[in-house]
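The values are calculated or read from the model by the stated rules, or taken from the named source; none is laboratory data. Only a predicted model underlies this, so the values are computations on that prediction, with no experimental measurement involved. Backbone-built Cβ (ideal geometry, glycine too); neighbour counts: all protein chains shown. Each accessible area value is taken on the protein alone, full model and side chains, heavy atoms only, with ligands, DNA and RNA left out. Shrake-Rupley method; radii C 1.70, N 1.55, O 1.52, S 1.80 Å.
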Amino acid sequence: MKMPWKTAFIRATIVLVAAALTGCSSDSANDRGRQTSAETFREPPVVDSKAGVLRISLTPKPSTVSVAGHRVMMMAYNGLYIPPTLRVQPGDTIRLRLTNALAEPTNLHTHGLTVSPRGNSDNVFLSVAPGQTQDYEIRLPPDQPPGLYWYHPHPHGFSDMQVRN
(Lines give C-alpha, C1' and ligand atoms only; values in the text may rest on other atoms or scores of the structure.)
Protein backbone atom coordinates (compact mmCIF):
# COMPACT_ATOMS: atom_id res chain seq x y z
CA MET A 1 0.00 0.00 0.00
CA LYS A 2 1.35 3.40 -0.96
CA MET A 3 2.01 5.82 1.91
CA PRO A 4 0.09 9.16 1.66
CA TRP A 5 2.42 11.93 0.49
CA LYS A 6 1.88 13.98 3.66
CA THR A 7 2.91 11.06 5.87
CA ALA A 8 5.95 10.38 3.70
CA PHE A 9 6.88 14.08 3.76
CA ILE A 10 6.58 14.28 7.55
CA ARG A 11 8.70 11.13 8.03
CA ALA A 12 11.35 12.45 5.62
CA THR A 13 11.37 15.81 7.38
CA ILE A 14 11.79 14.17 10.80
CA VAL A 15 14.71 12.13 9.46
CA LEU A 16 16.31 15.22 7.90
CA VAL A 17 15.91 17.27 11.07
CA ALA A 18 17.32 14.45 13.19
CA ALA A 19 20.24 14.09 10.78
CA ALA A 20 20.89 17.83 10.83
CA LEU A 21 20.81 18.00 14.62
CA THR A 22 23.08 14.99 15.08
CA GLY A 23 25.40 15.78 12.19
CA CYS A 24 24.64 12.49 10.45
CA SER A 25 23.67 11.76 6.88
CA SER A 26 22.79 8.58 5.08
CA ASP A 27 26.29 8.56 3.56
CA SER A 28 28.05 8.89 6.91
CA ALA A 29 25.86 6.24 8.53
CA ASN A 30 27.01 3.77 5.88
CA ASP A 31 30.63 4.88 5.83
CA ARG A 32 32.09 4.11 9.28
CA GLY A 33 35.57 5.26 8.24
CA ARG A 34 34.50 8.80 7.44
CA GLN A 35 34.35 11.44 10.19
CA THR A 36 31.13 13.39 10.55
CA SER A 37 30.86 16.91 11.79
CA ALA A 38 28.44 16.76 14.71
CA GLU A 39 27.07 19.81 16.42
CA THR A 40 25.74 19.85 19.93
CA PHE A 41 22.25 21.29 20.25
CA ARG A 42 22.44 24.66 21.92
CA GLU A 43 19.51 26.20 23.71
CA PRO A 44 18.29 29.18 21.68
CA PRO A 45 18.34 32.62 23.27
CA VAL A 46 15.45 33.14 25.69
CA VAL A 47 13.55 36.42 26.04
CA ASP A 48 11.36 36.61 29.16
CA SER A 49 8.56 39.03 29.85
CA LYS A 50 9.21 41.58 32.58
CA ALA A 51 6.44 43.31 34.54
CA GLY A 52 3.86 41.75 32.21
CA VAL A 53 5.48 42.83 28.93
CA LEU A 54 7.79 40.99 26.56
CA ARG A 55 9.72 43.33 24.26
CA ILE A 56 11.64 42.01 21.30
CA SER A 57 12.78 43.05 17.84
CA LEU A 58 12.99 40.43 15.10
CA THR A 59 14.52 40.95 11.68
CA PRO A 60 13.89 38.24 9.11
CA LYS A 61 16.79 38.34 6.64
CA PRO A 62 18.88 36.13 4.39
CA SER A 63 21.56 34.66 6.63
CA THR A 64 24.43 32.20 6.41
CA VAL A 65 24.23 29.73 9.30
CA SER A 66 25.94 26.49 10.26
CA VAL A 67 23.85 23.31 10.13
CA ALA A 68 25.58 20.02 10.97
CA GLY A 69 28.94 21.57 10.15
CA HIS A 70 27.79 22.94 6.80
CA ARG A 71 27.28 26.59 5.99
CA VAL A 72 23.88 27.19 4.43
CA MET A 73 21.98 30.28 3.29
CA MET A 74 18.48 30.61 4.68
CA MET A 75 15.92 33.14 5.86
CA ALA A 76 16.38 33.56 9.60
CA TYR A 77 15.18 35.79 12.41
CA ASN A 78 18.08 37.95 13.62
CA GLY A 79 20.50 35.71 11.71
CA LEU A 80 19.88 32.77 14.05
CA TYR A 81 19.29 29.19 12.87
CA ILE A 82 17.05 28.71 15.91
CA PRO A 83 15.29 31.99 16.77
CA PRO A 84 14.68 33.21 20.32
CA THR A 85 12.32 31.41 22.66
CA LEU A 86 9.74 33.88 23.95
CA ARG A 87 8.61 33.21 27.53
CA VAL A 88 5.41 34.88 28.61
CA GLN A 89 2.77 34.41 31.29
CA PRO A 90 -1.02 34.48 31.02
CA GLY A 91 -2.16 38.11 30.86
CA ASP A 92 1.18 39.37 29.45
CA THR A 93 1.54 41.56 26.37
CA ILE A 94 4.04 40.83 23.60
CA ARG A 95 5.40 44.00 21.98
CA LEU A 96 7.30 42.84 18.96
CA ARG A 97 8.95 44.98 16.29
CA LEU A 98 9.34 43.13 12.99
CA THR A 99 11.77 44.74 10.53
CA ASN A 100 11.64 43.10 7.12
CA ALA A 101 15.12 42.68 5.59
CA LEU A 102 13.86 40.20 2.98
CA ALA A 103 13.28 40.94 -0.71
CA GLU A 104 9.58 40.03 -0.36
CA PRO A 105 6.72 40.85 2.01
CA THR A 106 6.47 39.02 5.32
CA ASN A 107 4.63 39.14 8.63
CA LEU A 108 4.41 37.17 11.88
CA HIS A 109 1.87 34.64 13.11
CA THR A 110 1.58 32.62 16.32
CA HIS A 111 0.02 29.18 16.75
CA GLY A 112 -2.07 28.21 19.75
CA LEU A 113 -2.29 31.56 21.49
CA THR A 114 -5.90 32.55 22.11
CA VAL A 115 -5.37 36.13 20.97
CA SER A 116 -7.07 38.59 18.67
CA PRO A 117 -6.37 38.43 14.94
CA ARG A 118 -7.31 42.11 14.51
CA GLY A 119 -5.22 45.21 13.95
CA ASN A 120 -1.56 44.83 14.87
CA SER A 121 -2.07 41.67 16.92
CA ASP A 122 -1.82 38.14 15.44
CA ASN A 123 -3.13 39.32 12.06
CA VAL A 124 -2.05 37.11 9.14
CA PHE A 125 -3.38 39.73 6.71
CA LEU A 126 -0.78 42.32 7.73
CA SER A 127 1.87 42.70 5.07
CA VAL A 128 5.28 44.09 5.95
CA ALA A 129 6.95 45.21 2.73
CA PRO A 130 10.71 44.85 2.19
CA GLY A 131 12.54 47.48 4.23
CA GLN A 132 9.46 48.28 6.33
CA THR A 133 8.78 47.79 10.05
CA GLN A 134 5.63 46.60 11.81
CA ASP A 135 5.01 46.91 15.54
CA TYR A 136 2.88 44.08 16.93
CA GLU A 137 1.00 44.17 20.23
CA ILE A 138 -0.29 40.73 21.20
CA ARG A 139 -2.29 40.63 24.44
CA LEU A 140 -2.53 37.20 26.05
CA PRO A 141 -5.70 36.52 28.01
CA PRO A 142 -5.41 35.82 31.75
CA ASP A 143 -6.61 32.25 31.12
CA GLN A 144 -4.09 31.46 28.33
CA PRO A 145 -3.23 27.76 28.79
CA PRO A 146 0.43 26.89 29.32
CA GLY A 147 2.13 25.19 26.41
CA LEU A 148 4.67 25.22 23.62
CA TYR A 149 3.57 27.56 20.85
CA TRP A 150 5.46 28.64 17.78
CA TYR A 151 5.73 31.76 15.67
CA HIS A 152 6.54 32.00 12.00
CA PRO A 153 6.03 34.13 8.89
CA HIS A 154 2.58 33.88 7.33
CA PRO A 155 2.37 36.25 4.34
CA HIS A 156 -0.13 34.92 1.83
CA GLY A 157 1.66 33.69 -1.27
CA PHE A 158 5.05 33.56 0.49
CA SER A 159 4.44 31.66 3.76
CA ASP A 160 5.37 28.19 2.48
CA MET A 161 8.74 29.33 1.12
CA GLN A 162 9.54 31.49 4.15
CA VAL A 163 8.65 28.80 6.72
CA ARG A 164 10.77 26.22 4.87
CA ASN A 165 13.67 28.67 4.76
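Taking strands (runs of 3 or more DSSP E) that do not extend beyond the range 76-133, which have at least 2 residues that are more than 18 Å from Arg164 (Cβ to Cβ)?
On the way: elements: 85-87, 93-99, 109-111.
In the range 76-133, the matching strands (runs of 3 or more DSSP E) lie at 85-87, 93-99.
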Quick one: would you say Ser66 is modelled with pLDDT of 95 or more and either polar (S, T, N, Q) or on the phi > 0 side of the Ramachandran plot (or both)? no
Which numbered condition Asp135 misses (of (1) under 15 Å from the mean Cα position of the chain (by Cα); (2) closer than 13 Å to Leu58 by Cβ; (3) open to solvent by 40 Å² or more (accessible area, probe 1.4 Å); (4) not hydrophobic (A, V, I, L, M, F, W, C)): (1)
Contact list please: Cβ distance under 6 Å, first residue in the range 112-124 and open to solvent by 50 Å² or more (accessible area, probe 1.4 Å), second residue not in a loop (DSSP other than H, G, I, E, B), pairs at least six apart or on different chains. Asn120/Tyr136; Asn120/Glu137
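Table: residues versus (1) within 24 Å of Ala51 (Cβ to Cβ); (2) open to solvent by less than 60 Å² (accessible area, probe 1.4 Å); (3) modelled with pLDDT under 95; (4) in contact with a strand residue (DSSP E or B) (Cβ under 9 Å, 6 or more places away or on another chain).
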residue: Asp92; (1), (2), (3), (4): yes, yes, no, yes
residue: Asn100; (1), (2), (3), (4): no, yes, no, yes
residue: Val128; (1), (2), (3), (4): no, yes, no, yes
residue: Leu140; (1), (2), (3), (4): yes, yes, no, yes
residue: Trp150; (1), (2), (3), (4): no, no, yes, yes
residue: Gly157; (1), (2), (3), (4): no, no, yes, no
Considering Arg42, Arg87, which residue is at pLDDT 95 or above and open to solvent by 60 Å² or more (accessible area, probe 1.4 Å)? Arg87
